[in-house]
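I'd like to ask some things about the structure below.
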Amino acid sequence: MTQYLLSIQHPPQGGPPPAPDFLADVMRQLGELRDELASTGSWVFGQGLHGPETATVLRVRDGEVLVTDGPFAEGKEYLGGITIIDVPDLDAALDWGRRYALATTLPIEVRPFHDGSGD
């Protein structure tokens, strides 16, 4: 089994928020997906994130750690949540990613974790 990260990419802030009924349906579908993943033993972790304006970045400059407010990179989309799954292969991870994309209507990036073997 391999662990994969499903990154949920949110659109830029500034427009009107989705309707409450739409959000309630998305959250219901995400709950169902989580329950199904858990029932197959594939659920590892998942959680939404606050917006990028809440980020703090630490970086080294001249041997000192600088702390700055705001996101690391400016962009239109931002990381809005993550789910970690443990599945047999990329095809299985992509199947789950498709289901998350359909449930959220948002782009989902699927990436494997290193397995520690140096590959």
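The values are calculated or read from the model by the stated rules, or taken from the named source; none is laboratory data. Everything quoted here is computed from the prediction, not taken from an experiment. Glycine also receives a Cβ, built like all others from the backbone with ideal geometry; neighbour counts cover every protein chain displayed. Areas reflect the complete protein model, heavy atoms only, side chains present, ligands, DNA and RNA absent. Shrake-Rupley method; radii C 1.70, N 1.55, O 1.52, S 1.80 Å.
Which residue out of Gly80, Gly46 is within 13 Å of Tyr4 (Cβ to Cβ) and out of contact with any Asp or Glu (no Cβ under 9 Å at 6 or more places or on another chain)?
Result: Gly46 is the single residue among Gly80, Gly46 that is within 13 Å of Tyr4 (Cβ to Cβ) and out of contact with any Asp or Glu (no Cβ under 9 Å at 6 or more places or on another chain).
Of the residues in region 96-108, how many are open to solvent by less than 80 Å² (accessible area, probe 1.4 Å), not in a loop (DSSP other than H, G, I, E, B) and not aliphatic (A, V, I, L, M)?
4
Only residues that are among the charged types (D, E, K, R) and within 11 Å of Ile85 (Cα to Cα): list them for region 23-41, please.
Arg34
So which residues in region 109-119 are of a type outside the set (D, E, K, R) and part of a strand (DSSP E or B)?
Initially, region 109-119 is screened for residues of a type outside the set (D, E, K, R), giving 110, 112-114, 116-118.
Once the filter is applied, which keeps residues that are of a type outside the set (D, E, K, R) and part of a strand (DSSP E or B), region 109-119 yields Val110, Pro112.
Name the one entry in Leu6, Leu58, Leu66 that is within 13 Å of Trp96 (Cβ to Cβ), aliphatic (A, V, I, L, M) and modelled with pLDDT of 90 or more.
From the options Leu6, Leu58, Leu66, the qualifying one is Leu6.
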